[in-house]
Amino acid sequence: SRPMIVVKPADTASPYNKRAVFTCEAVGRPTPTCRWLKNGREVPEGARYRTEEQDGVYRLIIKEVWDIDAGDYTCELSNVFGVD
C-alpha cells in the first residue's frame, strides 16, 4: 500500500545549543523509507543530525540547535507504490 503520513511533524522551537526532535508517523507496505528535508533539500546524516525509524515512527534529531538550523522541515516517505 502507498505510504500515508498519519501524524505530521509539529512546529518546534528549541533554544540554541539544545536538542530538537521532529517526529512523523506513517503507514505503508512495504515499510516506507524516509527522507528528511530542510527548505526542500535533504538533511545529511552526520555528527549533528541523526535519523531513526521504529514501528512506523520516524525521527529527525538535531543534537545541538544553531541559528543555521532555522527553516521548514519536511518528512518525505516513499515505497514502490508512491510518496507522501
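The values are calculated or read from the model by the stated rules, or taken from the named source; none is laboratory data. Bear in mind the structure is a predicted one, so any value in this text is a computation, not a measurement. Cβ placement follows ideal geometry from the backbone for every residue including glycine, while neighbour counts extend to all protein chains displayed. Protein only, heavy atoms only, side chains kept; ligands, DNA and RNA dropped before computing areas. Shrake-Rupley method; radii C 1.70, N 1.55, O 1.52, S 1.80 Å.
Summary table below
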quantity	calculated
Cut-off 15 Å, label 7 Å out along Cα→Cβ of Arg48, residues of region 6-22 by amide N	14-21
Label corresponding to log10 I(q)/I(0) by the Debye sum over Cα atoms at q = 0.16, 0.22 Å⁻¹ when calculated from the structure given, among (i) -0.59, -1.02; (ii) -0.53, -1.10; (iii) -0.93, -1.11	(i)
Solvent-accessible area per residue for the chain (1.4 angstrom probe, square angstrom)	67 Å²
Loop-located GluC sites (Glu not before Pro) in region 31-71, at most 16 other Cβ atoms within 10 Å (DSSP)	Glu45, Glu64
Partnerless Cys - the chain, beta-carbon criterion under 4.7 Å	Cys34
Accessible surface of the chain [probe 1.4 Å, protein heavy atoms]: carbon and sulfur percent	50 percent
